[in-house]
Each structure stands twice: as structure tokens, then as C-alpha cells.
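Notes for the one structure printed next.
The values are calculated or read from the model by the stated rules, or taken from the named source; none is laboratory data. Owing to the predicted nature of the structure, the values given are computational and were not obtained by experimental measurement. Reconstructed Cβ throughout: ideal geometry from the backbone, glycine too, with neighbour counts over all protein chains shown.
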Amino acid sequence: MTDHSNHSSSFKDPSGHVFVDNGVVKRTINPIYFKQYHALKSSGFFQKLFDNQLLIPHKEVFSSEEKIIIQPEQIPFITYPYEWSFNQYKEAALLTLKLQKFALEHGFSLKDASAFNVTFYNGKAVFIDTLSFDFYKENTPWRAYKQFVTHFFGPLVLAHFNGSEMLKLTSTFLDGIPVKTIASLLPYKTKFSPTLYSNIHLLAKFEDKHNEEDNKGKATIALSKTKQLNIIKSLYNYIRSLELKESSEWEDYYNKINYSNDAFQEKSNVINQWILALKANTVIDVGGNDGTFVRKITSKLSHALVCDIDNNAIDINYKKTKLNNETFITPFVLDVLNPSASVGFNSEERFSFLKRIKDFAPDVTLALAVIHHMSLSGNITFNMSAQFFASFSKQLIIEFPKRKDSWVQRLLNSKADFKDYFDFYNQENFEKEYLKYFDITEKYDIKDTQRVLYLLEAK
């Protein structure tokens, strides 16, 4: 079997690497990890995690003395930690602690606890790094404890006290937010919390990068399994109790819009008819708020991505997916004016949103009530937004609020003396620029509104 070059994000673990074989993601396991792999497999450890949907399932497709190759279940769209809402981040953190507890109870331990080992699939957090498990050694502390603090516990606590924007720091600190940085950004009163003092402030106080045994904070002191399980329980309970203390303009958006109930339903019906006619299987709703319009689609979708700039809207959407068991919906946080970039070594370690969405290749893109924000808040020209959507959209359903729309007027009035600069914002110019990249298939004026729906097909 011919091997392929390493996946650009898979170069740090000597146990093996991920590669792509004719569009299929696979993982090579090196001989150095054979002993662990066979023990995890033969003991039923892997199967129990598969059965409980905690670890992405895989099948073994090749085995020799030089390497073993496994093929995991394919995940159509990977989201990264800096694209998760607060409650998604909590679930990912709790999943990691559950895995460490389960591993300890079965003679294993997580050797790393990177937030990038988790993504969202089938409506829930799932662990995707199959080779992260190692044998547990008696009286040794959790090797990945400090990494858990810098990747999960620290970001969540920062968001709790300072707002969800703190979670975006993980796009800069791919190896975890430094403990000293976390401690410095927390209120002084947190030093009086036993959990925060022992797991952050005390850790920061004694941190010395020159004397660290490794970059995951491996300690040299003895620690019994019982004590380690107690630490895990303490962290689990503290994280589970964390809440976000912020509100936003968009979390209750659909109760504030200038649509009548009839117009709202009419808009939904038109979108649904177009989706049905296109026989779409996959969609992305850009600026989709809490996923309302995706939920109104009556045809069966295999995958629906719903992204929005607002953490609270994504949290509401995420909670609805859990409540309704809507496993086909993947919510994530995305600023359309500043979509996630390619970052990491050689700018290829974590892929940009544009690369991932092009690979996902949605059948239909929804862009409802977003173009006026892009144009008037972000100063994005129609030509620029048309290029953006055309780069990944086969079919585009886009809503255009006319200049007399109350939300458009509100945005224009906020421009004060620069209001005249935005004279370009009108329906004629919108169509002119979008027709350079799309053909108009359908056009529908929503009654009793200043809004028009377009069904566009990429040229």
C-alpha cells in the first residue's frame, strides 16, 4: 500500500501521522505505538469509546511490521476551538476529562489534551486523535494536565469572567494560552477560589519554562491514581457550573426584526421551495443566527452548517440541536468580515474557513439578512462579497434589503457625515456586480417588506 505525505497538521506525534488518500483521511501508526494500539484494541477500550460516541470510530485497513493504517469515520467539516461557542467549548472540555477518567480506570492515560483533538460531529463533541492514549504508570501525575489548563480550563475561565471573545485567543496560542497570561487576565478575587488558585495561580507562580520537563508540564512529584481522579472530578464539576455573563444584540434577533409573521413565513416558504427544487443535500447558512431557517427546510439534509458572529446565537442554536437531536446541524462562530485564517507552522497547520468550506462544497449557500451588514458595517463592496460567495457556492440564496429598509436606514444613519459615500448601496448596483459571478435563477419580492430574495447560480 502506497503511503502519502503527512497531513499539514499532523507532524508533532512520533506515534503516527494523518494523511489523505484520494480524498479519504487515514492515519498511519508507527511501530513505536504498536504496543499501546494493540492493548487498546484487544482490551475493548476503543470499542467502548466508539459505542459511547466519545472517540471517532475507525477500521484497520492495512497492517505490517512497519506500519498499521486505520481509516476513521470521515467528518465532512472540521471546526476549530476558536470557532466554538462557550457551551460547545465546555462540552469539549468535559469530554476530555471524561476520557481521562475512563482511561485511568482502565490502565491508560491521555498523553496530550489539546483542544484540537476534539471537533463537533453528529451534533456533539467527539475526540479525533486516536493515538493520544498511553499506558498509565502508577503514582505518576497526568502528563497532559498543564496542557488541559492552557487549552481548556484557562480559556473557559477567561470567557466566564471577561466574555466569549477570550476564546478567540486560542487562534493565536495554538499550543495553549500560557498559564501566566491566563492568571494575569483574571480578576484578583479569583485567587480566593481554591480551584482557580490551585489550577491556575499556583501553577503560574511555580512555572519556570527553563526547568520544565516538557512542554505539557510533566511533573516529577508522585501522585496516586485516587488523587488524580479527585483533581479530574474537581475540574469537571467547576467547568460544568461555568456560565457566560453576557448578552448580545443578536441572541433574540427574530423577535426584533421588521418582518410581520406573514412575511416571515412567506420568506421561509420561498426558501424551502427553492431548496426542494434544487434537491440539496448539504447547505451552509452564513449569518444564520440560531438556525431558524435551516430548521424550516422540509427536505432531508445530510449536513447543515450554521455560522454566525454572535456567540449567544450559536449557543442557542447548539442547545436546540441537543434538545431536538438534530445531528445534521453543526453550529459554529464565524465573523464573515474576518473568517478564520490559515494559521500555525507554514500557515498550514490549521486550515482557513475558505479552504474547509470549499472542500465541503455545499449544494446551497444561504445568506439571509447579511449583505447590508457586510456592505454598510464592513465597507465590503458588492463585487467583493460576490467574489467571496462565488468562491464556494454552487447555488446562492441571498436576501437583499433595499435602501428604504429600516435596518439599512439605521446602518446608514450611523455613518453620519460619510453617509453619502454609501450611495452605491442599491438594488441596481447589487444585481450588476453579482451578475459578474452568478446568473439569476429566481427573484422574489417579499410582500410588505423592503426585501428581495434571489436564487443565484454560480457561473
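Descriptive notes on the structure:
- Qualifying residue in segment 240-262 (condition: in contact with a helix residue (DSSP H, G or I) (Cβ under 6 Å, 6 or more places away or on another chain), at pLDDT 95 or above, in a helix (DSSP H, G or I) and buried (at least 16 other Cβ atoms within 10 Å of the Cβ)): no
- Segment 404-430 - residue that is surrounded by fewer than 17 Cβ atoms within 10 Å (Cβ to Cβ), free of Cβ contacts under 8 Å to residues at least 40 places away in the same chain and touching a Phe, Trp or Tyr at 6+ places or on another chain (Cβ under 8 Å) and, of those, farthest from His373 (Cα to Cα): Gln427
- The residues listed here are Lys404, Lys432, Lys355; of these, the one that is over 22 Å from the mean Cα position of the chain (by Cα), at pLDDT 95 or above and either of a type in the set (Lys, Arg) or farther than 16 Å from Trp274 by Cβ (or both) is Lys432.
- In segment 60-106, the residue that is nearest to Leu242 (Cα to Cα) out of those that are among the small types (Gly, Ala, Ser), more than 13 Å from the chain's Cα centre (by Cα) and not assigned by TED's automatic domain parsing to the domain that holds Ser42 is Ala93.
- Among residues of segment 169-181 that are over 11 Å from Gly344 (Cβ atoms), those with a Cβ under 6 angstrom from a residue that is crowded, with 16+ Cβ neighbours inside 10 Å and of a type in the set (Gly, Ala, Ser), sequence gap 6+ or separate chain, pair up as Ile177/Gly154; Val179/Ala204; Lys180/Ala204.
- In segment 107-136, the residues that are within 18 Å of the chain's Cα centre (by Cα) and of a type in the set (S, T, N, Q): Ser114, Asn117, Thr119, Asn122
- Within segment 165-198, being within 24 Å of the chain's Cα centre (by Cα) and of a type in the set (Gly, Ala, Ser) holds for Ser171, Gly176.
- Scanning segment 386-411 for residues that are part of a helix (DSSP H, G or I), closer than 15 Å to Asp439 by Cα and touching a helix residue (DSSP H, G or I) at 6+ places or on another chain (Cβ under 6 Å) returns a single hit, Ala386.
- Selected residue [out of contact with any Asp or Glu (no Cβ under 7 Å at 6 or more places or on another chain), within 18 Å of Leu169 (Cα to Cα) and among the charged types (D, E, K, R)] from Glu266, Glu349, Glu326: Glu349
Condition check ((1) of a type in the set (Asp, Glu); (2) surrounded by 13 or more Cβ atoms within 10 Å (Cβ to Cβ); (3) at pLDDT 95 or above) across all residues:
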{"position": "Ser184", "(1), (2), (3)": "no, no, yes"}
{"position": "Pro187", "(1), (2), (3)": "no, no, yes"}
{"position": "Lys209", "(1), (2), (3)": "no, no, no"}
{"position": "Asp214", "(1), (2), (3)": "yes, no, no"}
{"position": "Lys218", "(1), (2), (3)": "no, yes, no"}
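Table: residues versus (1) among the polar types (S, T, N, Q); (2) assigned to a helix (DSSP H, G or I).
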{"residue": "Ala39", "(1), (2)": "no, yes"}
{"residue": "Gln47", "(1), (2)": "yes, yes"}
{"residue": "Gln53", "(1), (2)": "yes, no"}
{"residue": "Lys59", "(1), (2)": "no, no"}
{"residue": "Gln71", "(1), (2)": "yes, no"}
{"residue": "Phe77", "(1), (2)": "no, no"}
{"residue": "Tyr82", "(1), (2)": "no, yes"}
{"residue": "Gln88", "(1), (2)": "yes, yes"}
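- Asn139 vs. criteria of a type outside the set (A, V, I, L, M), assigned by TED's automatic domain parsing to the domain that holds Ile231 and over 25 Å from the mean Cα position of the chain (by Cα): yes
- Answer residue from segment 47-60, given it is in contact (Cβ under 8 Å) with a residue 60 or more places away in the chain and over 20 Å from Pro14 (Cα atoms) and is surrounded by the most Cβ atoms within 10 Å (Cβ to Cβ) among those: Leu55
- Selected residue (criterion: surrounded by the fewest Cβ atoms within 10 Å (Cβ to Cβ)) from residues of segment 114-137 that are among the hydroxyl-bearing types (Ser, Thr, Tyr) and touching a helix residue (DSSP H, G or I) at 6+ places or on another chain (Cβ under 9 Å): Tyr136
- Every condition in (1) in a helix (DSSP H, G or I); (2) more than 30 Å from Gln409 (Cβ to Cβ) holds for Phe332 except the one numbered (1).
- If only residues of segment 343-374 that are without any contact (Cβ under 8 Å) to a residue 60 or more places away in the chain and touching a helix residue (DSSP H, G or I) at 6+ places or on another chain (Cβ under 7 Å) are counted, the one that is surrounded by the most Cβ atoms within 10 Å (Cβ to Cβ) is Ile371.
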